[in-house]
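S.K.: Below you will find the structure I want to go over with you.
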Amino acid sequence: MRFVSTRSGAVRVGFGEAMLAGLAGDGGLFVPETFPRFDAASFSPDASMAEVGERVLWPFLEGDPLQAHLAEMCREAFDFPVPLVSLEPGLSVLELFHGPTAAFKDVGARFLAALVSRASLAGATVLVATSGDTGGAVAAAFHGKPGVRVCILFPKGRISPLQERQLTTWGGNVQALAVDGTFDDCQRLVKDALRAPGGRMLLSANSISMGRILPQVVYYARASVQHRARERAEPTFVVPSGNLGNAVAALWAKACGFPIASVVMASNANRAIVEYVEHGTRGERPTVPTLANAMDVGTPSNLERLAALLPERERLRASVRALSVSDEEIRQTIRAQAWGHVWCPHTATAVHAVKTLGLEHAVMVATAHPAKFKEVVEPLIGRVVPLPPQLEAIARKTAVAEALEPALDALLRRL
Ligand SMILES: *Cc1c(COP(=O)(O)O)cnc(C)c1O
């Protein structure tokens, strides 16, 4: 399988190179040149994530030495439950928050860690800038992997206490740097370090990485097969969206022939996705802070992948809908506790979308456990949300972070 840039078909590379490069040389994002077609009826609804992963990802790794390790990597990465829970006839929720850091980013981060630790990159350092959730998922996934170091940059004092513990309690091969600056400073430092000369082996673990997006196709494939087996219909997936990697993975699963009717992208007050789907307009926008902060993205990178997949507006509008959900609507949704569930602020955008659009056959995607955002959720529902065991264990450990001034030479000295 070859991967091409969203900007020109002239850039063509194999899986390993696409994963390591992050961005294509022309500044575009890598996408699969073609999509394999699967006979969805040949998948059992009882198959595990590892079993589905091995079949679905196999053609994408064709021609790459990592393909030989695929079964083992799937068993290692997909080692927590991803249940499709029925709420009422025709409607279920896909719970993606049972991994080590209780958010869906664990799926991509764990698969990326399985890949990198086998890709003959001994001595490599994985760099990641985080505004909260990503760094924790990457740290948990790479912790203890031989031959790889992780260095996480976070804006000091600007992330929640629980998020900070998820970055700073690992030790071993995970180093956390508290940057005296903003998230944008962290991101700039990572980009500059990746470009700096000096022969360091540095990799980025950001969310546009192919190694993080492709494994997300697996849970959409599996859940669509399960939904059809139970309900005799193709579901619409309703995906809380920010940088749009998760929703693009759902559309890639559809392109592979899995029974998916359409995809609804639920965003917060950041309107870039809605503007693109409704009017075809794209451009730089400032980020609006909201209660669903992991979706606070002004200019989503993966709009470029969406545009590459569905370039004609008619086809786009047939497969995709988008809506923007305000903080007030998020609050009301959390308060209402629909179907007797406590929803995290991100998942609440999907719940609101299902209620508003009146969808017949839908799977809402739950991207995080509500206890991760207890500061928002608990005052609204008037009671405590117990931490799941994996977060409780993290909350008990000792935190270690080194301070870093926001300057490239200071970072390079640490590496
Ligand atoms: C990252 C994140 C999102 C947004 O996912 P994208 O792939 O960036 O669209 C939604 N919810 C949670 C909890 C997240 O951490």
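The values are calculated or read from the model by the stated rules, or taken from the named source; none is laboratory data. Not measured: the values here are computed from a predicted model. Methodologically, a virtual Cβ is constructed for each residue, glycine included, from the backbone with ideal geometry; neighbour enumeration extends over all protein chains shown.
S.K.: Please identify the pairs in which a residue from segment 100-128 that is at positive phi and away from the ligand (no atom under 14 Å from the Cβ) has its Cβ atom under 9 Å from the Cβ atom of a residue that is of a type outside the set (G, A, S) and assigned to a helix (DSSP H, G or I), counting only partners at least 6 apart or on another chain.
M.R.: S120/P65
S.K.: Then there is this: Go through segment 326-343 and give me each residue that's surrounded by fewer than 24 Cβ atoms within 10 Å (Cβ to Cβ) and either aromatic (F, W, Y) or in a helix (DSSP H, G or I) (or both).
M.R.: Hits for segment 326-343 are D327, E328, E329, R331, Q332, T333, R335, A336, A338, W339, G340.
S.K.: Output the number of residues of segment 356-402 satisfying the condition of being away from the ligand (no atom under 16 Å from the Cβ) and not aliphatic (A, V, I, L, M).
M.R.: 15
To keep it simple, each residue is scored yes or no on (1) surrounded by fewer than 17 Cβ atoms within 10 Å (Cβ to Cβ); (2) within 30 Å of H341 (Cα to Cα).
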position	(1), (2)
E17	yes, no
G22	no, no
L29	no, no
P36	yes, no
D39	yes, no
M49	no, yes
M73	no, no
P83	yes, yes
S86	yes, yes
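Residues are listed down the side, and each one gets a yes or a no for (1) of a type in the set (V, I, T); (2) touching an Asp or Glu at 6+ places or on another chain (Cβ under 8 Å):
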residue	(1), (2)
A233	no, yes
V239	yes, no
N243	no, no
A261	no, yes
H279	no, no
M295	no, no
T299	yes, yes
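S.K.: Taking the condition of being outside any loop (DSSP other than H, G, I, E, B) and over 30 Å from A233 (Cβ atoms), how many residues in segment 344-397 meet it?
M.R.: 19
S.K.: In segment 1-102, which strands (runs of 3 or more DSSP E) lie fully inside it and hold 1 or more residues that are modelled with pLDDT of 95 or more and of a type in the set (D, E, K, R)?
M.R.: 84-88, 91-95
S.K.: Shifting gears a bit: How many residues, within segment 169-216, are aromatic (F, W, Y) and either touching a Gly at 6+ places or on another chain (Cβ under 7 Å) or surrounded by fewer than 22 Cβ atoms within 10 Å (Cβ to Cβ) (or both)?
M.R.: Residues meeting the conditions: 1.
S.K.: Then there is this: Name the pairs: first residue in segment 343-369 and free of Cβ contacts under 8 Å to residues at least 12 places away in the same chain, second residue part of a strand (DSSP E or B) and surrounded by fewer than 24 Cβ atoms within 10 Å (Cβ to Cβ), Cβ to Cβ under 7 Å, at least 6 apart or on different chains?
M.R.: Cβ pairs passing all conditions: none.
S.K.: Say whether the condition of being more than 12 Å from the ligand (Cβ to nearest atom), surrounded by fewer than 16 Cβ atoms within 10 Å (Cβ to Cβ) and part of a loop (DSSP other than H, G, I, E, B) is met by at least one residue in segment 314-325.
M.R.: There is no residue in segment 314-325 that is more than 12 Å from the ligand (Cβ to nearest atom), surrounded by fewer than 16 Cβ atoms within 10 Å (Cβ to Cβ) and part of a loop (DSSP other than H, G, I, E, B).
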